[in-house]
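Trainee: Could you have a look at this structure, given as structure tokens, before my questions?
The values are calculated or read from the model by the stated rules, or taken from the named source; none is laboratory data. The structure presented is a predicted model; accordingly, all values stated were derived computationally and were not measured. Heads up, the Cβs are rebuilt from the backbone with ideal geometry, glycines too, and the neighbour counts pull from every protein chain shown. Areas reflect the complete protein model, heavy atoms only, side chains present, ligands, DNA and RNA absent. Shrake-Rupley method; radii C 1.70, N 1.55, O 1.52, S 1.80 Å.
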Amino acid sequence: MQQYAVLIPELIVLVAALVALFADLLGGDRVAAMVGAAAAAMAAVVVWLVPVPEALFGSMLTFTHGTTTLMLRSGIAGLTSLFLLWVAARGWAGVRAREAVALTLFSTVGSMLLISASDLVTLFLCLELATMPAYVLMGYSAEDKRSLEGALKYFLMSVLTSLVMAYGLSFVFGMNQHTSYSPLQVAGPAWLGVAVSVLVLVGFLSKMTAAPFHYWVPDANEGAPSASVAFVAAISKIAPVYAMVRLLAEVLPTSDGLSRVVMICAVVSIPLGIFAALVQTDVRRMVAYSGISMAGYMMLGVAAATPAGYASAVFLVAVYAVSVLGLMLVVAQEGGTFADIAGLVKRRPVAAWSAVVYLFSIIGFPPMVGFYGKLGVLSAAYRAGYFIPVLIAVLMSVVAGGYAFAVIRAMFTPGEGAPEETGIPAPVDATEYPQAPALAGTVIVVLAGLSLGLGLIAEPLISLLQASLS
Amino acid sequence: MNILVAIPLIPALVFFLFFLLPRATRTKMLFLPIGAMAVSLVLSLMAFSTVFPGAEKLAEHGAQFTSYTIGVIGGVPLNISLRLDALAALMLLVVTIVGMAVQVYSLSYMKGEERIGWYYAVLSLFTAAMLTLVLAGDFLLFYMSWEVMGLCSYLLIGFWNTNDEARRASIKAFLTTRVGDVGFAIGLAYMWATVGSFDIPTVLGSAHTWGPGVATAIALLLFFGAMGKSAQFPLHIWLPDAMAGPTPASALIHAATMVAAGVFLVARSLPIFEASGVALQVVLIIGATTALLAASMGSVQHDIKKVLAYSTISQLGFMFMGLGTGNVSAGMFHLFTHAFFKSLLFLGAGSIIHSLHTQDMREMGGVGKSMKVTTVTFTVGTLALSGIMPFSGFFSKDLILDHLWREGHYVIYSVALASAFLTAFYMARLWFRVFSGTPRKAGHAHESDMKILSPMIVLALLSVLAGATTLVFGEFLGSETEWPSLVMGGASTIVALSGIGLGWALFGNGRDPEAVRARASKVYMIVTNRFFLDLVAEQYIAGGYNRLSEKVNWFDKKVINGIVNGVGVACRQAGTQLRRLQAGRVQVYQRLVVAAVLVLVLVAVLATGV
């Protein structure tokens, strides 16, 4: 029995999700969010305390990667906790938060389990458990047609690519005759294995919002409540990328063909995301496009097909999540358009300066942590001999400065008719309890601190990831 | 704790303190940044005295350095270090002396400014960054402080952030220098790939083993960064606009120190340029082109600060010409003297602007009678810039001309001489317009207070005396330097005097051909043939020349600016086109996804081979 103790963190989050569903009986949104935040924080700590077995359920879940799996599970839970803490302070812009809290926690359970998934079945189930609540979250303001439309697009596109992936997984099962992770026994010509790999990857690339599977993202982001975007665009991306590199490292055969496909997606995603982000005047759409370009950078590391490349890809996505979460939380309390955030530095200097840190981290400006992430994938891709794609990526990251500065300029110039006299912005969300700006501010500052401080330990973190993936 | 660490650290601490303090408290604590500056100045003098004078003392005490490991990349430790050598010691003095002068001056000039605390904070941060750059013992720290300086420059140009022009200028400056920085960054990456180290002595020591191709590539990439920072053609477009910032900040950053960082970079990495050979030629040609173009553009400006801005660009071109001969002391000596007299000129211009509340020279006049101290000090600066014996500019400019001649770059030499002529001309034009004649639209000037005047007096003294250090300077930097020869000095003096003479002929005694032309009806022109000769001269000599200069100016504004701006527009256009693809219909999206899956599978299969 003792071996099941390793799942206590997931169980804590799951129980909290169920409790949150009954928030009406407990006292409402804030209680739900507080319970969720406390549970996630507890889970983040408990991960380190319980004994870790090699495998569970006949190797459907494995924990052989030691510290890495612990780190990622704890990190996901920790970020969720911060996010819910913010929700407790600010609410879920314009809608009831309690069910959303439950959905967030369900998705977090999925993400945490996905980290240790080592069977095709658990992989697929956990991936869907992590994303299903996300569809609902994106369409959460049900009176808003744009939100519903965006969520529907997200759902349809995601399901379509999941089907392609399931199709690919069925081939893997067919060739290996079992669903556990083990190197693919290609029965037949070599190209068959490559084709199967591409089909499987499509599902992941779509979850990572890589081009050309990105079409839904801007529309969905613009319509959805900003808090939902904060969760979906940031936290829910971490686990899939780790699952993907695990699958690549343990099951799918590496080959030039596969690397080439990933590289094509990367070279399309990076310029597309960055150019499109330049012309946006809404931070939510901008985040959508910057996410596309980030997926491109991540794939540079994946295409390198080396442990260093895989490790940097995971690291990049994880640290990107920290910064995007922070940026979207700022947006969630101020509004997404440039007009909304105009003169933010006057009204909320802390939020504005934190947003500067996030943006610099997102575009990869040293010494923010995003820089180390990008540096990792770029050097891995360079070592693998992809000179031209790396050159394109480097040049494009200079252009990326443009959209970050557009946002910064918007925040630092007084807007027309901005309520400067009162110093208090028009409320964008209608929560039923008094807001707690100090708590929300703390979350934002902590995230900014992480965006800065993780850079200091970037190197050991990446080498830890690398060790577990080689 | 080493003295070297303290020099940049003290101003940096002031910045962080000011950053945290509320505005009202900052305004009351302006003695802090000035005190910090004074401490840095004293420490710099102490540092200087440990390595001065000459080679034997350098060998004994020199190259003191402190090193820290900040990270590990791919198993290789990444060190940053501070190192004191002759070049660094000299630059320390320049930065702290001019910095001190500007900070004292700003007390009065920026008085009553609401955000004066922030102004001083940024000045301190800038000083810290520049001192770090000067002391940097490795290219990584060099690059980091280089970028911080760019940020400070951006913040100071846009200091009056309610002014739309200033805001645009600050963004333009930031983006244009960033273009150069991309080159610099790629150059550093290439350097790391080649040597596996950023340590300056290690890198420079191995430069001759890289082979000419690699050395040329790295040298040119570094030079591209220098071109952005030092406003060399065609990346010079940001500097004239940068004059929208406060004048004392312009004096420190956009005249004396920061813009010279590009020159310093090339001087630091000169062995790489020498290993390449070709790169030195490029430096020469770019420097010469810039010197001539900027000098001619400076002669048609009406804004007193713009004249000085173009003059700075032109003089930086001179410094690059000096370095292009492969001689460190030729370029660096001009940097040294220029820092003093150009900041003096800027501070003088600031004093006049402060008093008259205009920057347009057409509205000034007769300042000489009412602002005695400003006039004397400004005149010293003017003569130094024009290259008149015995002011310092004469010696440093002559050293450059001398080296150009001796190395056999005769074409470049004549370009440099022409630029020197134009320099003397536009400075004379400025001087006569502002100081002689009678007061015009802007009215009577009144002398500024001592906080403004005393830094100018100190800088004026330095502008006179710095020339005397010619031999010591050369010896200190370890290269042969002689007094200007009679022929060379004579030639440049004649050129400078004739430039001033042309300026006097056109603008002396309150004459102003440009203003006269605007006012005079044909009858008036014929009747008052006292002006007739002047007008002929203006029409045929200066007029033709003015038209040419205006053409150059137009070319600069439309074509060069257009190309640089065009890149940005193209990026935005690409974005707009991409947005079209995003039509919003989910059926279309799904079709695109399925098509993409098929294409990707096909690519993978074909790449593997069927």
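Trainee: Among the numbered conditions (1) touching a residue at least 60 places away in the same chain (Cβ under 8 Å); (2) open to solvent by 10 Å² or more (accessible area, probe 1.4 Å); (3) more than 9 Å from every other protein chain (Cβ to nearest Cβ); (4) aliphatic (A, V, I, L, M), tell me where A:LEU272 comes up short.
Mentor: (3)
Trainee: Which one of these is open to solvent by 50 Å² or more (accessible area, probe 1.4 Å), modelled with pLDDT of 85 or more and within 30 Å of B:GLU475 (Cα to Cα): B:VAL39, B:VAL98, B:VAL94?
Mentor: None of the others qualify; the one that does is B:VAL39.
One line per residue, one yes/no per condition, for (1) in contact (Cβ under 8 Å) with a residue 40 or more places away in the chain; (2) under 17 Å from A:ALA239 (Cβ atoms); (3) hydroxyl-bearing (Ser, Thr, Tyr); (4) in a helix (DSSP H, G or I):
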residue: A:ALA308; (1), (2), (3), (4): yes, no, no, yes
residue: A:TYR320; (1), (2), (3), (4): yes, yes, yes, yes
residue: A:ALA339; (1), (2), (3), (4): yes, no, no, yes
residue: A:ALA351; (1), (2), (3), (4): yes, no, no, yes
residue: A:SER354; (1), (2), (3), (4): yes, no, yes, yes
residue: A:PHE360; (1), (2), (3), (4): yes, no, no, yes
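Trainee: Could I ask something else about it? Counting only residues that are without any contact (Cβ under 8 Å) to a residue 12 or more places away in the chain and farther than 14 Å from A:GLU99 by Cβ, how many does the stretch A:1-38 have?
Mentor: Selection size over the stretch A:1-38: 3.
Trainee: With the checklist (1) within 28 Å of B:ALA88 (Cβ to Cβ); (2) part of a loop (DSSP other than H, G, I, E, B) in hand, flag the one item B:GLY408 doesn't pass.
Mentor: Among (1) within 28 Å of B:ALA88 (Cβ to Cβ); (2) part of a loop (DSSP other than H, G, I, E, B), the lone unmet condition for B:GLY408 is (1).
Trainee: Residue check: is A:LEU199 within 11 Å of chain B (Cβ to nearest Cβ), touching a Phe, Trp or Tyr at 6+ places or on another chain (Cβ under 8 Å), open to solvent by 10 Å² or more (accessible area, probe 1.4 Å) and farther than 25 Å from A:GLY326 by Cα?
Mentor: Taking the combined requirement at face value, the residue satisfies it.
Trainee: Assuming A:CYS126 fulfils every condition listed in (1) in contact with a Gly (Cβ under 7 Å, 6 or more places away or on another chain); (2) hydrophobic (A, V, I, L, M, F, W, C); (3) farther than 24 Å from A:LEU18 by Cα apart from one, which condition is it?
Mentor: Against the list (1) in contact with a Gly (Cβ under 7 Å, 6 or more places away or on another chain); (2) hydrophobic (A, V, I, L, M, F, W, C); (3) farther than 24 Å from A:LEU18 by Cα, A:CYS126 comes up short only on (3).
Trainee: Still on this structure, please answer the following. Based on this model, can you work out whether A:TRP86 counts as open to solvent by 30 Å² or more (accessible area, probe 1.4 Å) and of a type in the set (A, V, I, L, M, F, W, C)?
Mentor: no
Trainee: Moving on to the next point. For the stretch B:394-402, indicate whether the set of residues that are of a type in the set (Lys, Arg) and within 22 Å of B:ILE494 (Cβ to Cβ) is non-empty.
Mentor: Yes, because at least one residue in the stretch B:394-402 is of a type in the set (Lys, Arg) and within 22 Å of B:ILE494 (Cβ to Cβ).
Trainee: When the stretch B:585-610 is examined, which residues are found to be within 8 Å of chain A (Cβ to nearest Cβ) and not in a helix (DSSP H, G or I)?
Mentor: B:GLY609, B:VAL610
Trainee: So for the stretch B:155-167 (the condition being touching a strand residue (DSSP E or B) at 6+ places or on another chain (Cβ under 7 Å) and touching a residue at least 12 places away in the same chain (Cβ under 8 Å)), does at least one residue qualify?
Mentor: no
Trainee: Now for a different question. For the stretch A:240-256, indicate whether the set of residues that are farther than 27 Å from A:THR69 by Cα and open to solvent by 10 Å² or more (accessible area, probe 1.4 Å) is non-empty.
Mentor: Scanning the stretch A:240-256, I find at least one residue that is farther than 27 Å from A:THR69 by Cα and open to solvent by 10 Å² or more (accessible area, probe 1.4 Å), so the answer is yes.
Trainee: Just to be sure before I move on: is B:LEU155 touching a helix residue (DSSP H, G or I) at 6+ places or on another chain (Cβ under 7 Å) and within 13 Å of chain A (Cβ to nearest Cβ) in the structure I sent?
Mentor: Taking the combined requirement at face value, the residue satisfies it.
Trainee: If you scan the stretch A:205-222, which residues turn out to be more than 9 Å from chain B (Cβ to nearest Cβ) and surrounded by fewer than 24 Cβ atoms within 10 Å (Cβ to Cβ)?
Mentor: The one that is more than 9 Å from chain B (Cβ to nearest Cβ) and surrounded by fewer than 24 Cβ atoms within 10 Å (Cβ to Cβ): A:GLU222.
Trainee: Out of B:ASP360, B:ASP402, report the one residue that is touching a strand residue (DSSP E or B) at 6+ places or on another chain (Cβ under 7 Å) and on the phi < 0 side of the Ramachandran plot.
Mentor: Every option except B:ASP360 fails the conditions.
Trainee: Identify, please: which residue in the stretch B:355-390 is of a type in the set (Val, Ile, Thr) and without any contact (Cβ under 8 Å) to a residue 60 or more places away in the chain and is, among those, least open to solvent (accessible area, probe 1.4 Å)?
Mentor: Among those residues, the one meeting the criterion is B:THR382.
Trainee: Which fully enclosed helices (runs of 4 or more DSSP H) of the stretch B:132-231 have 3 or more residues being surrounded by 21 or more Cβ atoms within 10 Å (Cβ to Cβ)?
Mentor: Output list reads B:139-157, B:164-195, B:212-229.
Trainee: Just one of (1) more than 12 Å from chain B (Cβ to nearest Cβ); (2) open to solvent by less than 10 Å² (accessible area, probe 1.4 Å) trips up A:ILE392, so point out which.
Mentor: (2)
Trainee: Out of all the residues in the stretch B:400-437, which are farther than 18 Å from B:GLY499 by Cα and open to solvent by less than 10 Å² (accessible area, probe 1.4 Å)?
Mentor: Passing the criteria: B:ILE400, B:LEU404.
Trainee: For the stretch B:234-251, enumerate the residues that are at pLDDT 80 or above, open to solvent by 10 Å² or more (accessible area, probe 1.4 Å) and within 21 Å of B:THR289 (Cβ to Cβ).
Mentor: B:ASP241
Trainee: Another question, then. Can you find even one residue in the stretch B:348-369 that is in a helix (DSSP H, G or I) and under 11 Å from B:ALA460 (Cβ atoms)?
Mentor: yes
Trainee: Being in contact with a His (Cβ under 7 Å, 6 or more places away or on another chain) and modelled with pLDDT of 90 or more: is that true of A:ILE292 here?
Mentor: So A:ILE292 passes the test.
Trainee: Sticking with this structure for a sec: Taking the criterion of being more than 27 Å from A:ALA303 (Cα to Cα), touching a helix residue (DSSP H, G or I) at 6+ places or on another chain (Cβ under 6 Å) and open to solvent by 10 Å² or more (accessible area, probe 1.4 Å), would at least one residue in the stretch A:357-375 satisfy it?
Mentor: yes
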